Amino acid sequence: MKYIKGVHRHGSETFLIVSKNKKGLEPDSIIKTSTTKNGIDSIISEYQGINWYNNLSKNKIDCNLDKKTKTYYRIEIKLNKGFFNIKTNTSYQEIRKYLDLTINHYIKIWYDYKNKKYSPFHGDLSLVGNVMFNEVNDVLFVDWEQFDYSSKMPTGLDIMMMIIENVWYETLRSNQIPKVVLKHVKNSIQNLIKAQLLSPLLQEKPAHSTLNFINANIEIWRGQHYKLPVLKIPKEYINEIDNAFSN
Ligand SMILES: Nc1ncnc2c1ncn2[C@@H]1O[C@H](COP(=O)(O)OP(=O)(O)OP(=O)(O)O)[C@@H](O)[C@H]1O
Ligand SMILES: [Mg+2]
């Protein structure tokens with residue numbers, strides 16, 4: 001059984017089809033298709049990103065790119081069994097463990113980019129949705145539609161965006177950045193620096209530099225930058241993150 005899950009999801013120009021197995025219980029693959037230039041570019045990026053990741057990750061993603069015609073592309077992605085998403089609106093306290101697992105996974109996968117100013121970029125590493133986990137604490141990065149291999153993206157940008165995004169969600173719940181959260185953010189950034197996976201471009205005022213870089217390069221998101229949660233966080237919180245980091 002197949003059903004269309006979404007059309008032009010968040011302004012994306014791909015269709016998402018979920019395909020279930022014969023018994024029709026569990027989804028076993030997803031299919032993304034597009035007939036527009038931007039959508040086809042996203043499908044190609046997804047394919048390149050998954051292949052790049054498969055060379056480095058213990059858990060591989062099985063996918064198949066089908067160029068139906070010059071203007072109709074299709075990618076089928078088999079779902080890795082046993083991996084789950086974190087529920088939306090989970091408190092920072094509860095996602096801490098998953099943030100740590102994600103940063104450690106990033107450190108493993110991006111190992112060859114230690115001390116490099118630029119490195120490949122996932123582009124949409126949102127903890128809820130595009131990072132998955134299993135019972136034995138393996139991590140799987142999915143949804144590579146924004147993958148960028150041009151080597152113009154600062155190393156560690158994916159993680160900085162993820163950290164800021166989750167701080168913002170926490171401020172929506174508690175109207176402030178709780179002290180424990182600031183402490184965890186500081187430790188996380190320091191861990192990235194210790195692993196030599198935060199670009200010198202982002203080491204001075206990491207939160208400000210992250211936002212400045214995104215704002216100066218919004219074309220990378222193919223017109224979808226407006227949906228980036230990280231751009232919605234008020235300036236005062238960005239100051240707070242950088243102050244905590246420098247103290
Ligand atoms: N390799 C995979 N293994 C297991 N689940 C996966 C895999 N790839 C994607 N998924 C699941 O399918 C969901 C949708 O896939 P993906 O994130 O690639 O599409 P999307 O374009 O972002 O759609 P959405 O807007 O629904 O997130 C993911 O959030 C995840 O739950
Ligand atoms: Mg997604």
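We did not get these values from a lab; they are worked out from the coordinates using the rules stated. This structure is a prediction, so every number in the text was calculated from the model and none was measured. Note that each Cβ is placed from the backbone with ideal geometry, even for glycine, and that neighbours are counted across all protein chains shown.
Taking a straight Cα-Cα cut-off under 17 Å and skipping sequence neighbours fewer than 8 places away in the same chain, the aspartates and glutamates within cross-link reach of residue 235 are 165, 170, 204. Computed 3J(HN,Hα) for the range 100-116, one whole-Hz value per residue from the Karplus formula 6.51 cos²θ - 1.76 cosθ + 1.60 where θ = phi - 60°, is 4, 4, 5, 5, 5, 5, 4, 4, 5, 5, 8, 3, 5, 9, 4, 6, 9, glycine and proline marked x. The H on the amide N of residue 29, modeled in the peptide plane, is under 5 Å from the matching H of 19, 79, each at least 5 residues off or on a different chain.
Please compute P(r) over all alpha-carbon pairs of the chain, binned at 10 Å starting from zero, and give each bin as a whole-number percent. Here the calculated profile for the chain is 7, 30, 36, 20, 5, 0.
Which whole-number percent gives the relative contact order of the chain, counting Cα pairs below 8 Å spaced six or more residues apart?
Details: 378 pairs, mean separation 40.3, N = 247.
Result for the chain is 16 percent.
Residues 150, 209, ranked from the fewest to the most other C-beta atoms within 10 Å, line up as 150, 209. From its DSSP helices (H runs of at least four residues, each -39,500 (n - 2.57)), the chain gives a residue-normalised ellipticity at 222 nm of -12500 deg cm²/dmol.
Return the single residue from 108, 116, 179 with maximal mean-square fluctuation; model: Gaussian network over the chain, springs between Cα atoms under 10 Å. The residue with the greatest mean-square fluctuation here is 179. Taking other C-beta atoms within 10 angstrom as a stand-in for reagent exposure, 18, 181 fall in the order 18, 181, fewest first.
Work out the length of the dipole vector of the range 112-247 about its Cα centre, built from +1 on the beta-carbon of each Lys and Arg and -1 on the beta-carbon of each Asp and Glu, and round it to the nearest 20 debye. Write down the numbers at each step before the final one.
Details: 14 positive and 15 negative charges, 93 e Å.
The calculated dipole for the range 112-247 is roughly 440 debye.
Farthest towards the positive end of the charge dipole of the chain, among the residues 19, 226, 110, is the Cα of 19, using unit charges on the Cβ of Lys, Arg, Asp and Glu. Which residues among the range 125-163 fall inside the zone where the amide N is under 18 Å from a point 7 Å beyond the Cα of residue 212, along Cα→Cβ? Residues passing the 18 Å test: 153-158, 160-161.
When each of 158, 41 is scored by the number of other beta-carbon atoms lying within 10 Å, the sequence from fewest to most is 41, 158.
Greater than 20 Å separation of Cα atoms is the criterion. Which listed pairs, 58/183; 58/108; 114/152; 116/152; 87/194; 37/117, meet it? Show your work: numbers first, answer last.
Details: 58/183 31 Å; 58/108 10 Å; 114/152 15 Å; 116/152 11 Å; 87/194 30 Å; 37/117 30 Å.
Pairs exceeding the cut-off: 58/183; 87/194; 37/117.
Helix 206-216 axis versus longest C-alpha principal axis of the chain: approximately 50°, rounded to the nearest ten. The modelled label-to-label distance between residue 85 and residue 64, using points 7 Å beyond Cα along the C-beta direction, is 2.5 nm.
Which of the aspartates and glutamates could a cross-linker span from residue 68 if the Cα-Cα distance has to be under 19 Å and same-chain partners fewer than 8 positions apart are dropped? List returned: 13, 41, 46, 76, 145.
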